[in-house]
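First comes the structure, then the notes that go with it.
Bear in mind that the values in this text are calculations on the coordinates, not laboratory data. Fair warning: this is a prediction, and the values are worked out from it, not measured in the lab. Neighbour counts run over all protein chains shown; Cβ positions are idealised from the backbone, glycine included.
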Amino acid sequence: MALNRYEGLKLSETDVAAGAYKQHLGGGSEKWEQRGRFQVALMRHFGLRPEHRLTDYGCGPVRAGRYFMQYLDAGGYRGCDYNADFIRVARDLVAADPVLSARRPDLRHVEEFLAIEADHDFLLLFSVLNHCRREQRQRMLDFAKAARPGSVSVVTHGYWLFRGKAWDTGDLQVEAFGEGDLPQELDILRHGWEPEDVPKVFPILKFTTPGGQVPGRGNMTQM
């Protein structure tokens, strides 16, 4: 992935024990729970159901992943990150929690961008592609095009899709959601962001792979 603040980030045992890893993600420890729960609410709004399989790419130390694991059926959550220490923290958190362990999450350290199977129903890249190079963003679009028919890819911080040269989206159904396009329950100001963050988080992009049956739209339920 592109060089960014997570490139080469190392966490000591002291950092992990003190929960200092939370400070490396937007909102820090103060907004940790709110921002994690928001991601689950967002994906439920876009149709995620307990029986679906979700790939959370750029999952970090499972800020949202813990809640996805609790929501999804056992085996339904796959979390990937290129930072090995984040995945180490994620695995330790799951191992220490019998409820999460019983969900049998697939937690992977992935060094090559999106070098995973495209066998999900939903793919989430939350604040990932805004840190990436153009070729990696196009790789995501190609990955979505090759995913199982009817699968849905959700990308936040999607300003890049409308800047610079055109992107090859193929037959993907592309939807862009601004702040006013989501229900009040998904107002990011209620979930730990500040007004100046709105133009960073939005538009939220939804890519649907053609063919098959698109997963249904979920009812909004506050978690």
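With the convex hull of its Cα atoms as the shape, the stretch 75-125 has an orientation-averaged projected area of 3.7 nm². Averaged over residues, the count of other Cβ atoms within 10 Å places the peptides 138-145, 173-180 in the sequence 138-145, 173-180, highest first.
Among 83-89, 96-102, sorting by the average number of other beta carbon atoms lying within 10 angstrom of each residue, highest first, gives 83-89, 96-102.
Simple spin-label estimate for Glu196 and Arg104 gives 4.7 nm between the two label positions (7 Å along the Cα-to-Cβ direction from each Cα). Could you point to the residue in Leu100, His45, Tyr82 farthest towards the positive end of the stretch 30-208's charge dipole, with +1 and -1 charges on the Cβ of Lys/Arg and Asp/Glu respectively? Farthest towards the positive pole: Tyr82. Diffusion coefficient (Stokes-Einstein, Kirkwood radius over C-alpha pairs, 37 °C, 0.692 mPa s) for the stretch 30-208: 199 µm²/s, rounded to a whole number.
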